[in-house]
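So the structure is just underneath, and the comments pick up after that.
Each value in this text was obtained by applying a stated rule to the coordinates, not by laboratory testing. A quick note: this is a predicted structure, and the numbers were derived from the prediction, not measured.
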């Protein structure tokens, strides 16, 4: 699952930026974000029965690295 999202975000970032390669920091940010959100989603699914999904999504967005926000939400 993590690798799927890493690949998807990487492809999208390359398309938005119009490049075939990403700089090291952007590639790292994508991997870190994907691993972190997958782990937190797992934790939420297996143990948190009270936080609404909308709240989780909001927290994930707010935790996204600024470099990724500039790429995906400008």
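Between residue 60 and residue 20, what length in nm is gained on full extension when 0.36 nm per residue of separation is reduced by their alpha carbon distance? Intermediate results must be reported in sequence, preceding the final value.
Numbers: separation 40, 0.36 × 40 = 14.40 nm, distance 2.70 nm.
Length gained, residue 60 through residue 20: 11.7 nm.
Could you give the distance between the Cα centres of region 1-21 and region 44-74, to the whole Å? So the separation of the two Cα centres works out to 18 Å. For the chain, the relative contact order is 43 percent, taking Cα pairs closer than 8 Å that sit 6 or more residues apart in sequence and dividing their mean separation by the residue count.
Please express the shape of the chain as an equivalent ellipsoid: the semi-axes are the square roots of 5 times the eigenvalues of the C-alpha gyration tensor, given largest first in whole angstrom.
On the way: eigenvalues 127, 33, 17 Å².
Semi-axes, largest first: 25, 13, 9 Å.
Relative to the dominant Cα principal axis of the chain, helix 24-47 is inclined by about 20°.
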